[in-house]
Amino acid sequence: MIALEGVRVTYRRTVALHGIDLLLLPGVTGLFGPNGSGKSTLLRVLAGLLRPDAGTVTWDGVPLDISDEGFRARVGYAGHGSGLYDRLSVRENLRLFGGLHGVGDARVEEMLGLLGLEGRGDSPAGELSAGLRRRAAVARALLHEPQLLLLDEPYANLDDDGAGSVSDAVMAWRGPGRVGLIATHGAKRVKGYADAAIILQHGRIISYRVRTPAGTPT
């Protein structure tokens, strides 16, 4: 499990996160809230891309160390940017990223199929539509089967088929001990399979609900 205690982040005079206390349990948690609520900032802290000004983050009781390569290997993150090299094809991008994690070509092809990208594998990433780039970014985040999955607006610019592919890929990734946090405006899509839901507003958690085994929120 991942625990945040008193996590505070400021950008100059703007407070993005106000002393967040949070316990993330295994499963998929939806992260909801309006623009500027702190969703992206929270994901960046958990991804080790942003140091909080105050507070602590621990994973199974061990303080998060963003300089630890072992930590980074356990995380899959897709932010607002795709993280892809424009001149490389989608397949080349995934092979390059997979090589860093010891992932072979078979897994690359599996992810292309799962995200509905098998027909665009040889297309340069820079020539993809916004929706296809979003799907490719999700494929990159899921490629090495991370223990912690962090997705920021994975449904942006997607039609129903594309959104369905993303949901299917996330559900296929789920497994014992794995923790997922998905920030999205498409609450309806995530609520269909999420184990918990968090609502952020002005950098504060105003609601955190977890489903019981029977599926009833608590």
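No lab work stands behind these numbers, since they all come straight from the coordinates. None of these values were measured; they are calculated from a predicted model. For neighbour counting, all protein chains shown are included, and Cβ atoms are generated from backbone atoms with ideal geometry for every residue, glycine included.
Please give me the summed charge of the neighbours of M171: other residues whose Cβ is under 12 Å from its Cβ, Lys and Arg +1, Asp and Glu -1. Numbers along the way, then the final one.
Values: positive: R174, R178, R189; negative: D168, D195.
Taking every Cβ under 12 Å from that of M171, the sum is +1.
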Worksheet item: With the dipole of the chain worked out from charges on the C-beta (+1 for Lys and Arg, -1 for Asp and Glu) around the Cα centre, which of L22, L151, Y85 lies farthest toward the positive end?
Response: L22
Discussion item. Can you give me the angle between helix 90-100 and the longest principal axis of the chain, using Cα atoms only, in degrees from 0 to 90, rounded to the nearest 10?
Written reply: 60 degrees
Discussion item. If every alpha-carbon in region 115-218 counts as one equal scatterer, what log10 I(q)/I(0) does Debye give at q = 0.16 1/Å?
Written reply: -0.76
Practice prompt. Kindly list the residues of region 150-171 that lie in the label zone of D68, defined by a backbone N under 20 Å from the point 7 Å along the Cα-to-C-beta vector.
Written response: 150
Practice prompt. Please name which of V190, I206, S165 has its Cα lying farthest along the dipole of region 154-206 towards the positive end, using unit charges on Cβ (Lys, Arg +1; Asp, Glu -1) and the Cα centre as origin.
Written response: I206
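Viscosity 1.567 mPa s, temperature 4 °C: Stokes-Einstein D of region 65-141 from its Kirkwood Cα radius, in µm² per second? Numbers along the way, then the final one.
Values: Rh = 12.6 Å.
This corresponds to a translational diffusion coefficient of 103 µm²/s.
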Worksheet item: Under a plain spin-label model, where a point goes 7 Å from the Cα along Cα-to-Cβ, how far apart in nm are R12 and L100?
Response: 3.1 nm
Worksheet item: Based on DSSP H runs of at least 4 residues, each adding -39500 (n - 2.57), what is the mean residue ellipticity at 222 nm of the chain after dividing by all its residues, to the nearest 500 deg cm²/dmol?
Response: -8500 deg cm²/dmol
Worksheet entry | Two-decimal Rg/Rh across the chain, once Rg and the Kirkwood Rh are taken from alpha-carbon atoms | 0.96
